[in-house]
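The next block holds one structure in the form of structure tokens; read it before the comments.
The values are calculated or read from the model by the stated rules, or taken from the named source; none is laboratory data. These numbers were taken from a predicted model, which means no experiment stands behind them. As a convention, Cβ positions derive from the backbone with ideal geometry for all residues, glycine included, and neighbour counts pool all protein chains shown.
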Amino acid sequence: MATHQGVDFQGIVISRNDYKERDMLVKILTDKFGIKTFFVRGARKRGFKLASAILPFSHGVYFGNINDQGLSFINGTRELEQYQQIYADIKLNSYASYILGLAGAAFGNDEPLPKVWFDKFATAIGLINEELDPAIITNIIEIQLLERFGVKPFLESCVICGSTQGPFDFSESYGGILCQQHWYLDIHRMHLDQRTIYYLRLFSVVDLKQLHSIKVKPETKQHLRHTIDTLYSDEVGVYIKAKKFIDQMGSWDQLLKKDGDR
């Protein structure tokens, strides 16, 4: 088992769990080593010097010893920041947890993480903390992660003829969009409206670092959620615990809206 002694790495704390009487196991998404679990001795003692560094959604530069397999160890940290809005808001917390859960499902523990993906996850969490629409930020990550799960839908043009002129619809059977001339090839196509198609195509290529504002109609957001859920259910088969709570929040919002319309 290889050990990397005294290395620096960027990290986002995913979760932590009590271990024995005074210690903790802390799971961190790192920029160099993927998702690692750290044994933190004395973390539950009063006055522990790294207490803030191992709070969920802490983000900073850590240094310590990294084992390729098994538990690793944190020696210290610098440039630490807290995602305060996420930490204080259960809705933002749920979306951020879901994104980090997707990171774990896509890359697994102890697997090196391409820096481009660490940057995407960190940018997404940062935008959610800035209170940009967390549902849309999450949709973007979900669409772009499909390739990692081996399910990259072809959204650039019609999969049959290469036409870039709509209207389009999405076909799971053909793994991408069909122009209207070829809708007849798949009677089970998704029958999506053109605005939903537009955002699916946009989300597949948008750079989160260039995103400064988001405004999507509630109806379109619902269609996007249903479409992406269908793709993940039918093609990916990944279940993230935080997603259940997000779905429950959506149901509560609908109930509150109905009560308000009465």
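Within the stretch 108-116, can one find any residue that is aliphatic (A, V, I, L, M), surrounded by 22 or more Cβ atoms within 10 Å (Cβ to Cβ) and under 14 Å from the mean Cα position of the chain (by Cα)? Even if it seems obvious, please write down each step before you answer.
Step one: filter the stretch 108-116 for residues aliphatic (A, V, I, L, M), giving 113, 116.
Next cut, surrounded by 22 or more Cβ atoms within 10 Å (Cβ to Cβ) only: none.
No, because not a single residue in the stretch 108-116 is aliphatic (A, V, I, L, M), surrounded by 22 or more Cβ atoms within 10 Å (Cβ to Cβ) and under 14 Å from the mean Cα position of the chain (by Cα).
From the list 102, 50, 113, which one is more than 14 Å from residue 14 (Cβ to Cβ), in contact (Cβ under 8 Å) with a residue 12 or more places away in the chain and not β-branched (Val, Ile, Thr)?
After applying the criteria, what remains is 50.
Those residues that are exposed (fewer than 14 other Cβ atoms within 10 Å of the Cβ), of a type outside the set (Val, Ile, Thr) and farther than 18 Å from residue 27 by Cβ, I need them from the stretch 44-100; list them, please.
Within the stretch 44-100, 45, 46, 47, 49, 76, 78, 79, 81, 84, 88 qualify.
From the list 199, 239, exactly one residue is surrounded by 15 or more Cβ atoms within 10 Å (Cβ to Cβ) and aromatic (Phe, Trp, Tyr). Which is it? Break it down stepwise before answering.
Details: 239 fails: surrounded by 15 or more Cβ atoms within 10 Å (Cβ to Cβ).
199 is the lone residue from the list that is surrounded by 15 or more Cβ atoms within 10 Å (Cβ to Cβ) and aromatic (Phe, Trp, Tyr).
With (1) surrounded by 15 or more Cβ atoms within 10 Å (Cβ to Cβ); (2) modelled with pLDDT of 95 or more; (3) part of a helix (DSSP H, G or I) as the list, and residue 190 as the residue in question, which single condition is left unmet?
(3)
Taking residue 14 as the residue in question, decide whether it is touching a residue at least 60 places away in the same chain (Cβ under 8 Å), within 26 Å of residue 102 (Cα to Cα) and within 18 Å of the chain's Cα centre (by Cα).
Judged against the criteria, residue 14 is a match.
Restricting the search to the stretch 101-112, which residues are out of contact with any Pro (no Cβ under 9 Å at 6 or more places or on another chain) and assigned to a helix (DSSP H, G or I)?
To start, the set of residues in the stretch 101-112 that are out of contact with any Pro (no Cβ under 9 Å at 6 or more places or on another chain) comprises 101-106, 108-112.
Within the stretch 101-112, 101, 102, 103, 104, 105, 106 qualify.
I'd like to verify a number: residues in the stretch 6-36 that are among the polar types (S, T, N, Q) and buried (at least 20 other Cβ atoms within 10 Å of the Cβ), how many?
The total comes to 1.
Quick one: count up the residues across the stretch 195-212 that are closer than 17 Å to residue 228 by Cβ and among the polar types (S, T, N, Q).
Looking only at that region, the number is 2.
Given the options 194, 248, name the one that is polar (S, T, N, Q) and within 19 Å of residue 94 (Cβ to Cβ).
248
Looking for something without any contact (Cβ under 8 Å) to a residue 24 or more places away in the chain, assigned to a loop (DSSP other than H, G, I, E, B) and among the small types (Gly, Ala, Ser) - is there at least one such residue anywhere in the stretch 88-97?
No - not one qualifying residue is present in the stretch 88-97.
Looking at the stretch 56-72, I want the residues that are closer than 10 Å to residue 5 by Cβ and have a partner that is hydrophobic (A, V, I, L, M, F, W, C) and not in a loop (DSSP other than H, G, I, E, B) with Cβ atoms under 6 Å, at least 6 apart or on another chain. Which pairs are those?
Close Cβ pairs satisfying both conditions: 64/73; 64/74; 65/73; 66/7.
Based on what the data block shows, is residue 120 surrounded by fewer than 21 Cβ atoms within 10 Å (Cβ to Cβ) and touching a residue at least 60 places away in the same chain (Cβ under 8 Å)?
Considered against the rule, which asks whether it is surrounded by fewer than 21 Cβ atoms within 10 Å (Cβ to Cβ) and touching a residue at least 60 places away in the same chain (Cβ under 8 Å), residue 120 comes out as yes.
Quick check on the stretch 129-159: of everything there that is in a loop (DSSP other than H, G, I, E, B) and β-branched (Val, Ile, Thr), which residue is modelled with the lowest pLDDT?
First, pick out the residues of the stretch 129-159 that are in a loop (DSSP other than H, G, I, E, B): 130-133, 146-153, 155-159.
Within this subset, residues satisfying the condition of being β-branched (Val, Ile, Thr) are 151, 159.
Working: 151: 92, 159: 97.
Taking the candidates together, the pick is 151.
If residue 73 meets every condition in (1) touching a strand residue (DSSP E or B) at 6+ places or on another chain (Cβ under 8 Å); (2) modelled with pLDDT under 95 apart from one, which number is that one?
Residue 73 satisfies every listed condition except (2).
Could you please let me know if residue 132 is more than 24 Å from residue 239 (Cβ to Cβ) and surrounded by 15 or more Cβ atoms within 10 Å (Cβ to Cβ)?
The answer is yes for residue 132.
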